[in-house]
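Following: one structure in structure tokens, then a few remarks.
The values are calculated or read from the model by the stated rules, or taken from the named source; none is laboratory data. Bear in mind the structure is a predicted one, so any value in this text is a computation, not a measurement. Every residue, glycine as well, gets a Cβ built from its backbone with ideal geometry; the counts of neighbours run over all protein chains shown. Remember, those area values only see protein heavy atoms, side chains included, never the ligands or the DNA or RNA. Shrake-Rupley method; radii C 1.70, N 1.55, O 1.52, S 1.80 Å.
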Amino acid sequence: MSTKFVISKDTAVQTDFSNEVLRNAVSILKRDIETTVTGNGPKNTITLTLNGDGNGDSDEYAVRLIDADHVEVVSTTELGVMYGALAISRSVLGVDNFWFWLDTKTPKHAIIEWSAFDSLKMPDYHVKYRGWFVNDELLFNNWQYRESGEYVWKLIFETLLRCGGNVVIPGTDKNSHSNRTLAAAMGLTIAHHHAEPLGAEMFSRVYPDLEASYLKYPELFKKIWQESIDRQKDTNTIFNIGFRGQGDRPFWADEDREYTLQDKADVINSVIKLQYDMVKKADPNAICSTNIYGETTAIYNAGLLKLPKDVIQIWADNGYGTMVSRRQGNDDPRSEVLSAKDDSISQGIYYHVAFHDLQASNFLTLLQIDPHYVANQLTEVRKAGMDDLVMCNTGSIKPHIFYIWLVAQSWREDFKLESNEQIIAEYVDHFYGSHQNEIADVYRRYFETTFNYRDIEDQKAGDEFDEYTLRKLIRTWLNHEDKLPDMEWVTGDRMLDNQLAMITDMITPHIKPFVKLDNDAQILMKQLPEDDRGRFFNDIWLSIAIHTYSIQALQLTMDAFDEFGNGDNLKSFLSLSDAIDQLRVIVNAWHHNPTEKWAHIYDNDCYTNITLAIDTLKTLRNYVRIIGDGPDEDQWERQYLMLPSDGKVMLLSNTHKAYSDDEMALRLKGDKD
């Protein structure tokens, strides 16, 4: 019997096409065969086979050569068959796990002779439930690929499966509901946002005219929860139980009464018991989880949280990579998480590689914390036995591939803690085809150049710091207030001048290193071949650029504030113009992306919101001009741009409309040059 199987354009992929998961597996494998082989060959078949009723205990698969005309992929679960199809795509056809996100090129062949069938096996995974929470996914809301938003989500789920994932929270709020069917059709188990118990709709969406009070309307809450359970009871679902308010905040924020810690615990415990009983009545074998997150941490630490023993307890990092409780506003208790380990129960984590806190987190850029630090935290989680479930908050995925890749490595049994240099080298060597040492050095310097806003290692500023601080300063300036709002977490209780002095002292030492890194990265980028250049631009340079030009814009805005206070309105106007120009570099880079498909991925940046920062700067700039240039906005032109004789002759009060702010800034800068 032949020991080889030839994959060509004539290779067919067959399955039970009535099964959605298997049908999607066939679609992916056929697409990848069409992408990688160009020649004709024998008319043969790869069959994807579900053995039994699909309720097997393991997602392991077997790939068997039946004869020269037939290969079979067999598993006792739909997910196992999907994994087997993706193993062929990855190991035989050479399609990378992140082919879509990093635009890796798959080598083309006339035909592929395939013989190593026994080597395709399920990796050994240490983590039982491995998944992504595609959260704060705003960049996807207005972005399509091949004129389809649904196809983007399908590719998200495919990538998770390629990485070995088996669980997904398929978006936030409305997205999570609309994407569940597609995620399940790809073979994934569905989990729920910690603010949406049982995956139900929020009370205020169903009853917008009623106060979202569980104490007033318990039967209506129960009705919503029961309807959600009924919709999902025959699906692969991890039911999240617990209770928070409308949105990602405590329930008591929506109530008009005071609660003691015991009062809060009593409500949450009663709701958890009710939800648990409802789920178990519908399906005695259902898996339940709960997130001990935010305000629930204090209740747990006080010994007041009562959970059934078979509920998976999910703990979270602080959004900056450390397994301690998160900062909420000015409150940063940093309560230890790993000390809560309990070998008698199942525990997991929810880990952020993207985060949004309206303060200093990373929404648009690569997490600013060292890779070794992140890997060490994940290793400590494993040592503590708290990784039965690991959910990775992926944000909008595209800016965060490096850490999504690293977290996926940590799911495997063979994951080992390595140095920054080793982790970066492994990533760069895999995804780049040239200049690997120079590229790795840029990645390494990125983590070194990002700066701390306070003393602890993980207290490093992400892209939100510059933009939110800048917009707060503009509001404070225009409203003649005496301090930046909600900045005590970084400046303490100081007045405005002292706040700005402290922020200036914090960021100034890091401006030149960022500018140097940006310049060096751009020089290197020009030397790269087209394939690597596009990948480098999107995967690391944009993160560098967002930091580099945003920190300069923040400094220029603070300079403008001082100049305005000293009565130099013209200089303040020009500094604000320079700040606007800095941020425009970022937006222009997005729209002139060397990889065409990503040209509009950042259009819906409504968190860090760099375009809003530009608009608010324009408003401030015009305010400064009106004061300095007069109500007709023509005095600077007479003073600085006209010939002295023309500026003094007033037979005609003016000969053209006032220059726009952009034009005025351009002409004034040219005049000064």
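Some points to look at:
- Only residues that are more than 19 Å from Asn362 (Cα to Cα) and without any contact (Cβ under 8 Å) to a residue 60 or more places away in the chain were counted across region 295-330, and they come to 17.
- Looking across region 1-36, just one residue is exposed (fewer than 15 other Cβ atoms within 10 Å of the Cβ), closer than 18 Å to Asp53 by Cα and hydrophobic (A, V, I, L, M, F, W, C), and that is Phe17.
- Leading residue by the ranking (farthest from Ile287 (Cα to Cα)) among those in region 365-383 that are open to solvent by 10 Å² or more (accessible area, probe 1.4 Å) and not basic (Lys, Arg): Asp370
- Residues in region 138-155 that are more than 18 Å from His400 (Cβ to Cβ) and free of Cβ contacts under 8 Å to residues at least 24 places away in the same chain were compared, and the one that is surrounded by the fewest Cβ atoms within 10 Å (Cβ to Cβ) is Glu147.
- For region 513-556, the tally of residues that are hydroxyl-bearing (Ser, Thr, Tyr) and over 18 Å from Val587 (Cα atoms) stands at 0.
- Of the strands (runs of 3 or more DSSP E) contained entirely in region 298-407, those carrying at least 2 residues that are closer than 24 Å to Lys264 by Cβ fall at 311-316, 347-352.
- All positions within region 66-84 that are surrounded by fewer than 17 Cβ atoms within 10 Å (Cβ to Cβ) and either part of a helix (DSSP H, G or I) or out of contact with any strand residue (DSSP E or B) (no Cβ under 7 Å at 6 or more places or on another chain) (or both): Asp67
- Flag if Asp124 is touching a Pro at 6+ places or on another chain (Cβ under 8 Å), surrounded by fewer than 17 Cβ atoms within 10 Å (Cβ to Cβ), modelled with pLDDT of 95 or more and closer than 29 Å to Phe5 by Cβ: no
- Top-ranked residue in region 408-433 [being outside any helix (DSSP H, G or I) and open to solvent by less than 20 Å² (accessible area, probe 1.4 Å); ranked as nearest to Arg535 (Cα to Cα)]: Tyr432
- Of residues in region 208-224 being over 15 Å from Val267 (Cβ atoms) and outside any loop (DSSP other than H, G, I, E, B), the one least open to solvent (accessible area, probe 1.4 Å): Ile224
- Failed item, numbered, when Thr619 is tested on (1) in a helix (DSSP H, G or I); (2) of a type outside the set (Phe, Trp, Tyr); (3) closer than 30 Å to Gly149 by Cα; (4) open to solvent by 60 Å² or more (accessible area, probe 1.4 Å): (3)
- Options Ala302, Ala298, Ala340, Ala316; residue that is among the small types (Gly, Ala, Ser) and either surrounded by 23 or more Cβ atoms within 10 Å (Cβ to Cβ) or closer than 25 Å to Phe140 by Cα (or both): Ala316
- Each residue in region 35-52 was checked for being modelled with pLDDT of 95 or more and at positive phi, and 0 of them qualify.
- If only residues of region 489-510 that are open to solvent by 30 Å² or more (accessible area, probe 1.4 Å) and under 29 Å from the mean Cα position of the chain (by Cα) are counted, the one that is nearest to Asp441 (Cα to Cα) is His510.
- Here Leu307 clears all of (1) in contact with a Phe, Trp or Tyr (Cβ under 7 Å, 6 or more places away or on another chain); (2) closer than 24 Å to Ile229 by Cβ; (3) of a type outside the set (D, E, K, R) except the condition numbered (1).
- Search result, residues across region 516-544 that are exposed (fewer than 15 other Cβ atoms within 10 Å of the Cβ) and under 21 Å from Thr365 (Cα atoms): Lys516, Asn519, Gln522, Ile523
- The lone exception for Met122 - which of (1) part of a loop (DSSP other than H, G, I, E, B); (2) in contact with a Phe, Trp or Tyr (Cβ under 7 Å, 6 or more places away or on another chain); (3) at positive phi it fails: (3)
- In the condition set (1) farther than 22 Å from Asn291 by Cα; (2) surrounded by fewer than 24 Cβ atoms within 10 Å (Cβ to Cβ), Ile345 is compliant with all but (1).
- Arg205 fulfils the conditions (1) free of Cβ contacts under 8 Å to residues at least 12 places away in the same chain; (2) under 26 Å from the mean Cα position of the chain (by Cα); (3) not in a helix (DSSP H, G or I) except for a single criterion, (3).
- Thr172 being polar (S, T, N, Q), more than 25 Å from Arg535 (Cα to Cα) and either surrounded by fewer than 21 Cβ atoms within 10 Å (Cβ to Cβ) or touching a Lys or Arg at 6+ places or on another chain (Cβ under 7 Å) (or both): yes
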